[in-house]
């Protein structure tokens, strides 16, 4: 089976990377957070944003359900340190 590669400006992204980004976007959709605003936090080298991105990546690798990850993120309080206010699309 051939692997598809997606080009992003000057680099090639692996299919695994794009699936992780899709997983991340699904979580932010559940939290009702704009993914672009989160990208801004990551670009500003905010430690909490980078830790959260790694946490989400690990959850993606472990196939953790997105609603469980979103719930854990809200309970952790990490988004408040980044200046984000999440509201879940579902009841906990």
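Couple of notes before you dig in:
- Failed item in (1) touching a helix residue (DSSP H, G or I) at 6+ places or on another chain (Cβ under 6 Å); (2) modelled with pLDDT of 90 or more; (3) crowded, with 17+ Cβ neighbours inside 10 Å, with residue 82 passing the rest: (2)
- Boolean, residue 68 is assigned to a helix (DSSP H, G or I), surrounded by fewer than 17 Cβ atoms within 10 Å (Cβ to Cβ), touching a helix residue (DSSP H, G or I) at 6+ places or on another chain (Cβ under 6 Å) and on the phi < 0 side of the Ramachandran plot: no
- Residue list for the range 37-46, filter: part of a loop (DSSP other than H, G, I, E, B) and surrounded by 12 or more Cβ atoms within 10 Å (Cβ to Cβ): 46
- Yes/no for residue 54 being under 18 Å from residue 89 (Cβ atoms), under 9 Å from the mean Cα position of the chain (by Cα) and free of Cβ contacts under 8 Å to residues at least 40 places away in the same chain: no
- Just one of the listed residues (56, 27, 73, 33) is assigned to a loop (DSSP other than H, G, I, E, B), at pLDDT 80 or above and crowded, with 17+ Cβ neighbours inside 10 Å, namely 33.
- Identity of the residue in the range 1-18, under 22 Å from residue 63 (Cβ atoms) and out of contact with any helix residue (DSSP H, G or I) (no Cβ under 7 Å at 6 or more places or on another chain), that ends up modelled with the lowest pLDDT: 1
- Selection status of residue 49, at pLDDT 90 or above, part of a helix (DSSP H, G or I) and touching a helix residue (DSSP H, G or I) at 6+ places or on another chain (Cβ under 8 Å): no
The values are calculated or read from the model by the stated rules, or taken from the named source; none is laboratory data. These figures come from a predicted structure and were not determined experimentally. Positions of Cβ are generated from backbone atoms using ideal geometry, with glycine treated the same way; all protein chains shown enter the neighbour counts.
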